[in-house]
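In what follows, a structure is listed as structure tokens, so that the remarks can point back to it.
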Amino acid sequence: MTLQATENTLNAGGCYCGAVRFAVSQRPVVKGQCHCHACQRMSGGAPHYFMLVPPNGFHWTAGTPAQFTHPDVEGAVTRYFCDGCGTQLVTTRPDMPGTIVKIGTLDDPSGFAPRVAICHADALEFHTVPDGVQVFEGLPVA
Ligand SMILES: [Zn+2]
Ligand SMILES: [Zn+2]
């Protein structure tokens, strides 16, 4: 595991207590918001705002996150979180290379703007999608 942030860090982030830290060194290939019910459960009801970072563009720089893969869900994602403070940090999918970073864990999330809204079939009435964002009822077909 790489423990030092690379020189070309574009973004850094971590959990609420600061034990687990990461660096992003490549530009995201997808920026979006997911409305699925699992994301609502993790977020407190809002869509999850995320960016997909290419496989070599994500590095843990401090601490070791705990992880969870649902044993009862086929093709389940793996969720990484701090087992000290509980913050959800990133997700990986078995069918997709790269790391899905949760925008709220970035030290400076202010530059983020979603381009796609996914799993919108699960959206709650009070969820909003910004103008110009492409909406997918499920997952976009690659
Ligand atoms: Zn923590
Ligand atoms: Zn989701």
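Normalised by the number of residues in the chain, the mean separation of alpha-carbon contacts (under 8 Å, six or more apart) gives a relative contact order of 26 percent.
Ranking Pro54, Ala113, Thr91 by how far each Cα lies toward the positive end of the dipole of the stretch 1-123 (charges on Cβ) leaves Ala113 at the top. Each residue of the stretch 47-59 was assigned a 3J(HN,Hα) from its phi angle through the Karplus curve 6.51 cos²θ - 1.76 cosθ + 1.60 (θ = phi - 60°); the sequence is x, 8, 9, 8, 9, 9, 9, x, x, 8, x, 10, 9 Hz, with glycine and proline shown as x. If the Kirkwood radius is taken over C-alpha pairs of the chain, then at 10 °C and 1.306 mPa s the Stokes-Einstein diffusion coefficient equals 102 µm²/s.
Loop-located chymotrypsin sites (Phe, Trp or Tyr not before Pro) across the stretch 58-142 with a Cβ neighbour count of 13 or fewer within 10 Å are Phe126, with loop assigned by DSSP. Each residue in Val135, Val116 was given a count of other beta-carbon atoms within 10 angstrom of its own, and listing them fewest first yields Val135, Val116. By the count of other C-beta atoms within 10 Å, a proxy for reagent exposure, His35, His127, His70, His120 are ordered fewest to most as His70, His127, His120, His35. If you average the C-alpha positions of the stretch 7-22 and of the stretch 55-94 separately, how far apart do those two centres end up, in angstrom? Between the Cα centre of the stretch 7-22 and that of the stretch 55-94, the gap is 14 Å. On the beta carbon distance between Asp131 and Val77, with R0 = 35 Å, the FRET formula returns roughly 0.75. Going from the residue with the fewest nearby Cβ atoms within 10 Å to the one with the most, Thr105, Thr69, Thr9 rank Thr69, Thr9, Thr105.
A short reminder: the numbers here are calculations on the coordinates, not readings from a lab. None of these values were measured; they are calculated from a predicted model. Note that we place each Cβ from the backbone using ideal geometry, even for glycine, and neighbour counts take in every protein chain shown.
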